[in-house]
Amino acid sequence: MSDYKMHLLICSGTGCKASESEDIINSFTSLIDEFGLEDEVQIVRTGCFGFCEKGPIVKVLPDNTFYVRVSPGDTEEILKEHIVKGRTVQRLLYTDPVTNENISDSKGIGFYKKQIRIALRNCGFINPENIEEYIARDGYMALGKCLAEFTPEETIQEIKESGLRGRGGGGFPTGLKWEITRKSEADQKYVVCNADEGDPGAFMDRSILEGDPHSVLEAMAICGYCIGADKGLVYIRAEYPLAIERLKTAIKQAREYGLLGNDIMGAKFNFDIELRYGAGAFVCGEETALIHSMEGLRGEPTFKPPFPSVSGYMGKPTNVNNVETFANIPVILNKGANWFNKIGTEKSKGTKVFALAGKINNVGLIEVPMGTTLREVIYDIGGGIKNGKEFKSVQTGGPSGGCLTKDFLDTPIDYDNLIAAGSMMGSGGMIVMDEDDCMVSIARFYLEFTLEESCGKCTPCRVGNKRLHEILDKITKGKGEVEDIERLRVLSSVIKDASLCGLGQSSPNPVLSTIANFENEYLAHVNDGKCPAGQCKALLKYEIAEDLCTGCTLCFRNCPVGAITGERRQPHFIDQSICIKCGVCFEKCKFDAITLT
Amino acid sequence: MDTINLTIDNKSIVVKNGTTILEAASGIGVHVPTLCHMKLHDLNIENKPGGCRVCVVEVEGRRNLAPACCTEVAEGMVVNTHSIRAINARRTVMELILSDHPADCLICAKSGNCELQDMAHQLGIREIHYQGEQSHYREDTSPAIIREVDKCIMCRRCEMMCNEVQTVGVLSAINRGFNSVVSPAFEMNLDHSVCTYCGQCVAVCPTGALTEVDETGNVIRALSDPSKTVIVQTAPAVRAALGEEFGMEAGTLVTGKLVASLKQLGFDYVFDTDFAADLTIMEEGTELLNRLSKHLSGDKDVKLPILTSCCPAWVKFFEHQFPEMKDIPSTARSPQQMFGSIAKTYFADKLGINREDLVVVSIMPCVAKKYECGREEFKTNDNPDVDYALTTRELAALIKISNIDFRTLPNETFDNPLGESTGAAVIFGTTGGVIEAAVRTAYEIHTKKELPRIDFAELRGMEGIRKATIDFDGFPLKIGIAHGLGNARKLLEDIQAGKSEFHAIEIMSCPGGCIGGGGQPYHHGNAEVLKKRQMAIYQEDKNKVIRKSHENPYIIELYEEFLGEPMSEKAHHLLHTEYFDRTE
């Protein structure tokens, strides 16, 4: 075995792969070969580093140098300068947007400073396709400890004491769920990993599976030991081909190492894992819908109780946990419940992974302790709002979360605070909006998503969301009336109150929260026919100020629909009945003669 | 804990553990409205998707409203079924359903019989506050069933019947969200699917989304054509249900009024399918005895058990699902088709007219009969043996159109020669009846002894699968009975696996047999209706002077004058049929 002096950690998660990280790896491979450094430098294909805004990322160990936005053309310079001569390539370092300083060590980057990585502990650090790297980082130690030292009851007790709650959205205490499933008597039980990550923009589950698949497999085996199941199933969407590949590799390796299969670690414990593919329906993240989909039935939820813990897959007790929840388990058992439950808030322990997106400088995947404020996430980690714009709102919890205002920026993030604020934790989507976003349009946009993803089983969700969307659409087209706002409120509350599953029970959140926090914007639409953010095209009006127009004809020549008329050197005129509000004239005019109202 | 204490609408009650709020409430006279929910007691049929959300009630301490139909009671639960929150949600849900439903009640086939209409009325909906886009789908017309999918409200009852009860698997929810609808796969037409036309989807549809093909116009035209002789046959189950359409108690026998109404409608002869049922017993019973005696003499190739073949949906079911077993059912045609065949030969000869000038109408509890009479093998020179099959419901409509006051009609009797029947024939209308009728005749022919008893209680009842052993003078004849195609499937799979213990099996597609047919007055989820019809059928049997098919004098005359003997070549040609592999 070689004793490498340097390691190049190169992200090969889906995001960085799409930005040619595979070419970077190939290029480094041939350069290392060319320079005869095969025994000195090791290339490690890692999972996601989280800082996707700056990908592809190449990290050099042992000095922790963090190169961002690396392209295949940069590899030669990194090799010649950094690896051969030991000189950092300054132009590829992360530049702090405030101090303008280049930061070499990732630990010094604002994005990482406030993060504590438990679920993501190995992502961006190990080669997910090599089980030994996972084992070297205490992998499968928790499973070994459980099998050798702890009874299932003791293990469950430890999980309960840790205070871990489900990370998929519901926030149900994980230990309690395991206990209920353990107590359900049956000849067969199942452990199911919910990897049907459906929130648009959220990709923590995918990253964990791509970057550290064994952490989930190990946790599933521990869960199987605790509840008395010998079979595990990962329900994963088929759109995650890389995660599927890495899971398959990991399962194969775990079997080869005797960590899955019969008589694991000689403890007479049998457990194996299979994959089940989903077709990408959002509602299949709901556990009963997920189970029906696995059974080959239409992916739609059924009434609970019975809960899956009592009657789940094939009518047998089934413990369903989300990927991120599982990823926490081995660490909790290795470091102890008392280590874990000191992180976080009173009722929400540990950390949470968020997918930061929207109008924010540092788009990416972050993991912070529960209780971190939205301000810390958005400004310290997220680097603030893009292009120096004003923060307007942050939407948490995926498409059915609520939109919170700056008044909530100092709210410590945990399950209960977010619900109290009119939003939710969900699976950890976090979308930041700036002054240019119209909140009515945002509500309509989210409704469009839930409308398409509704399974259609219950009336409030099937028809109610459609009607909500129609009313919102009407308002953004300038055809709304003030009564529509009340109609939205009443209908939203009924949909929340009467829907069958979590999808319908939360789908009106964006509507209710935008009305609660931005009612003036709604009123501007329906009363004044104006969209304050200038997003609703139907409410925009481009006009030419006669006194400023020089008759240069630039707008006339660029108008794609011939809505502008006028003689050369004479003021021009926009025919509102033809104008499609594309804004080309506004952009082209050199004399600021075109106004937007 | 076996019992639960709870409060519903301020009344304290004690109910059994496992009771739903809906059941508990109904016990104290609180009828929470339901739409998708349907439970047929004793038949093990329940539709409980919790989808419509009309039955939501407020439960103290619960975050959201609870669907009464699937929420089980819990100790100390405090339920309010008519709080403003519950009423508001229920009415809003109803308005949402109506906002995506065509408002053509005045001309809808289901008007007056529509559960959605009733519910809108009950909830006092006077305005729909949430108007918007409505779903539009193309209408699907098959030989028996029409799907007007725009009227589907996604209650999923038809889907449950088609999949869980009948195991036919044609209807299921497709698409997502607002576009969700119940349909055959890939929105194919019913007549391209493996649909058996059993009509159980029609029987449970709360709206006008599923109805039968309406043939009343054709019958009115035939009746007004002076060049045609129009005769009618009525199936046994019709007389036990038709009265319901005129406000009479379920289970009221209306045989005499039925005959009188048909005469008043202008049919030239009013005959009885029961006559053909007696004929069926002669053929099918003989076939059973033939196979049995071959079996007893050691013939290894003989096919046993023999399966009844009266039910057209059942026939189509095995043609699609078990084509390799198509030589097991009896080759005897159904009573409807035996009647048509005899009418257009024997009876047309008697009248001295061509078959083309004789129009045969049948009144059936069934929608599959519409499909059956159109099958090519039941036509001669393109002229069908049975021209039109009307459901019990269509007959009621015809009576109403023709200004007949059904309730005040006198009792009249069937015409001869095709109107005389025995008690054995009338019990064809319920599950277990065909095989009981066959036993009555086969026993006497086989043993050459008189039956010691006529009623076989062991063959009766409502369980989905029943079995009985009848002592045939020392030989134990093992009989199986299944109603509902899902139950039939179980018996067929046993035969396939070589595990079947039976010599003869009766199969009816519809739960309860023909009394529960897809063409009967709507039971609206009340299984008591089926039981009362069943009791009426057995009462009619008791009322009959002759109760064994082979003793029907007109049947004896038919064989003497025309057919020769059961299974003769002529009988074979006119009264038997063949089956087709429909898997392609």
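List of remarks:
- Kirkwood-based shape ratio for region B:140-212, expressed as Rg/Rh from alpha carbons: 0.91
- Counts of other chain beta carbons within 10 angstrom of each beta carbon in peptide B:62-72 average 3.
- Ordering of A:271-282, A:444-455 by packing [mean C-beta count within 10 Å, highest first]: A:444-455, A:271-282
- For A:LYS183, the lysines whose Cα comes closer than 22 Å to its Cα, not counting residues fewer than 8 places off in the same chain, are A:LYS160, A:LYS231, A:LYS268, A:LYS304, A:LYS316.
- Model label zone, B:SER402; criterion: amide N under 17 Å from point 7 Å along Cα-to-beta-carbon; scope region B:100-122: none
- Global size of chain A as Cα Rg and Dmax, reported in angstrom: 26.8, 92
- C-alpha center-to-center spacing [region B:361-379, region A:220-255] in angstrom: 55 Å
- Part-to-part distance (alpha-carbon centres) for region A:527-597 and region A:25-74, which is given in Å: 50 Å
- Shielding of peptide B:175-186 by partners, expressed as the average count of other chain Cβ atoms within 10 Å per residue Cβ, is 5.
- Cβ crowding within 10 Å averaged over residues, with B:291-297, A:314-320 ranked highest first: A:314-320, B:291-297
- Lys/Arg +1, Asp/Glu -1 at C-beta; the protein assembly as shown dipole; positive extreme among B:THR7, A:PHE203, B:VAL302: B:THR7
- Least to most buried among A:TRP339, A:TRP178 (fewest other Cβ within 10 Å first): A:TRP339, A:TRP178
- FRET efficiency for the pair B:ASP118 and B:GLU46, taken as 1/(1 + (r/R0)^6) with r the Cβ-Cβ distance and R0 = 22 Å, rounds to 0.60.
- Sites matching GluC sites (Glu not before Pro) across region A:322-379 that sit in DSSP coil, with at most 12 neighbouring C-beta atoms within 10 Å: A:GLU346
- Net charge dipole, region A:351-434: roughly 300 debye, given to the nearest 20, about the Cα centre with Cβ charges of +1 for Lys and Arg and -1 for Asp and Glu.
- Dipole of the protein assembly as shown [Lys/Arg +1, Asp/Glu -1 at C-beta], most positive-end residue of A:LEU491, A:MET6, A:ALA593: A:ALA593
- Cβ-Cβ distance of A:LYS590 and A:GLU390, R₀ of 22 Å, FRET efficiency by 1/(1 + (r/R0)^6): the value works out to about 0.20.
- Each residue, A:ALA545 and B:ASN416, gets one label point 7 Å from its Cα in the Cβ direction; the gap between the two is 10.8 nm.
- C-alpha long axis of helix B:273-296 to longest principal axis of chain B, angle in °: 70 degrees
- At R0 = 35 Å, FRET efficiency that the Cβ-Cβ distance of B:GLU584 and A:ASP187 yields, to 0.05: 0.25
- Neighbour-count ranking [beta-carbon atoms within 10 angstrom, fewest first] of A:LYS457, A:LYS466, B:LYS400: B:LYS400, A:LYS466, A:LYS457
- As a ratio to 2.2 N^0.38 Å, the alpha-carbon radius of gyration for the protein assembly as shown is 1.15.
- Helix axis angle, B:84-99 relative to chain B longest principal axis, alpha carbon, degrees: 50 degrees
- Label-to-label distance for A:MET265 and B:LYS16 is 4.8 nm, based on points extended 7 Å past Cα in the beta-carbon direction.
- Annotation note: GluC sites (Glu not before Pro) in region B:50-111 located in DSSP loop regions with a Cβ neighbour count of at most 14 within 10 Å are B:GLU60, B:GLU75.
- Cα centroid separation, region B:126-192 to region B:39-76: 24 Å.
- When the GluC sites (Glu not before Pro) in region B:136-168 are filtered for DSSP coil states and for at most 13 other beta-carbon atoms within 10 Å of their beta-carbon, the remaining sites are B:GLU139.
- Partner chain coverage, peptide A:460-473 - average Cβ within 10 angstrom: 6
- Protection proxy ranking of A:241-249, A:12-20 - average other beta-carbon atoms within 10 Å, highest first: A:12-20, A:241-249
- Under 20 Å from the Cα of B:LYS532 - lysines, other chains or at least 8 residues apart: B:LYS39, B:LYS257, B:LYS542, B:LYS544
- Cα gyration tensor shape of region A:131-340, rounded if a/c is under 1.5, else prolate or oblate by comparing a/b with b/c: rounded
- Under 18 Å from the B:ASN189 label point (7 Å along Cα→beta-carbon), backbone N, region B:364-397: B:368, B:370-376
- 0 to 90° range, to nearest 10: angle between helix B:312-321 axis and chain B longest Cα axis: 80 degrees
- The label point for B:ASP494 and the one for A:SER71, both projected 7 Å from the Cα toward the Cβ, are 7.6 nm apart.
No lab work stands behind these numbers, since they all come straight from the coordinates. Bear in mind the structure is a predicted one, so any value in this text is a computation, not a measurement. FYI the Cβ positions are ideal-geometry reconstructions off the backbone, even for glycines, and counts take in every protein chain you see.
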